[in-house]
Amino acid sequence: MKTLGKYTFFYKDWVANFHQSEFVHHTPFGPSPEDVVCYTSEQAYQLDKARYFRDMEMADLILHTKDPQTCLLLGNRVRNFDAKSWDKVKSPTMRLAVREKYEGNVFLANKLVMLVSDGITLVEASLTDTYWGIGMNLDDPDIGDPAKWKGKNELGNILTRVANDIAYKLVNGK
């Protein structure tokens, strides 16, 4: 992790989707919604992708592996995948997985809230991801300039939003 001004950049840290933290995930897709145990937010996200496209065989494989890299690879093989359709639901799907992960682990939730205190925005410094990350790595000399980012930072924005929502609930008792 690296903090520059009002941004904290991460990649493969404890806030990343591959970090293990068991939680109950309510998967809204498939033949019927259900609660399942997931070990990473990546697993929950890829499971939902498979269930969204009704690839229950792939969903079962994803559900029964704890390795997030394997979950990602399996999710990339989902049958009947349609990018336009998935684009409409992928961010809310990720937001649900991330929220459940942190709400299911008080220690990580408190750590996340502390990380974004003082108006910090989390930023995924992934060189290869321009949707979830910024398309730059931690060592890029321009990383501190949002105008030079090559990506949307959707994951960082989701994590920041989830942290702020948790902080609000803690303060207001809701």
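None of the figures in this text is laboratory data; all of them are computed from the coordinates on show. This structure is a prediction, so every number in the text was calculated from the model and none was measured. No Cβ is skipped: glycine too gets one built from the backbone with ideal geometry, and neighbour counts run over all protein chains shown.
Overall, the chain carries a charge dipole of about 340 debye about its Cα centre when +1 sits on the Cβ of Lys and Arg and -1 on the Cβ of Asp and Glu, all other atoms neutral. Rg and Dmax of the stretch 28-96, both derived from C-alpha coordinates alone, stand at 10.7, 28 Å. In this calculation the C-beta distance from Phe81 to Tyr131 is compared with R0 = 22 Å, giving a FRET efficiency of 0.90. Normalised by residue number, the volume inside the convex hull of the Cα atoms of the chain is 114 Å³ per residue. GNM on the chain, alpha-carbon springs under 10 angstrom: the most fluctuating residue among Arg99, Arg51, Arg77 is Arg77. Rounded to the nearest Hz, the phi-derived 3J(HN,Hα) couplings of the stretch 94-102 under the Karplus curve 6.51 cos²θ - 1.76 cosθ + 1.60 (θ = phi - 60°) are 5, 4, 4, 4, 5, 4, 5, 4, 7, where x marks glycine and proline.
Mean sequence separation of contacting Cα pairs (under 8 Å, at least six apart), scaled by the length of the chain, corresponds to a relative contact order of 21 percent. The stretch 134-155 and the stretch 10-49 have Cα centres separated by 25 Å. Beta bridges assigned by DSSP with both partners in the chain are antiparallel in approximately 65 percent of cases. Applying the criteria of a DSSP loop state and at most 14 other Cβ atoms within 10 Å to the trypsin sites (Lys or Arg not before Pro) of the stretch 1-40 yields Lys6, Lys12. Less than 19 Å apart at the alpha-carbon level, and either on another chain or at least 8 residues along: which lysines does that give for Lys49? Cross-link targets: Lys66, Lys84, Lys88, Lys90, Lys101. Note on the chain: helix-only mean residue ellipticity at 222 nm, from DSSP H runs of 4+ residues weighted -39500 (n - 2.57) and normalised by residue number, equals -13500 deg cm²/dmol. Relative to the longest principal axis of the Cα atoms of the chain, the long axis of helix 41-52 lies at roughly 40 degrees.
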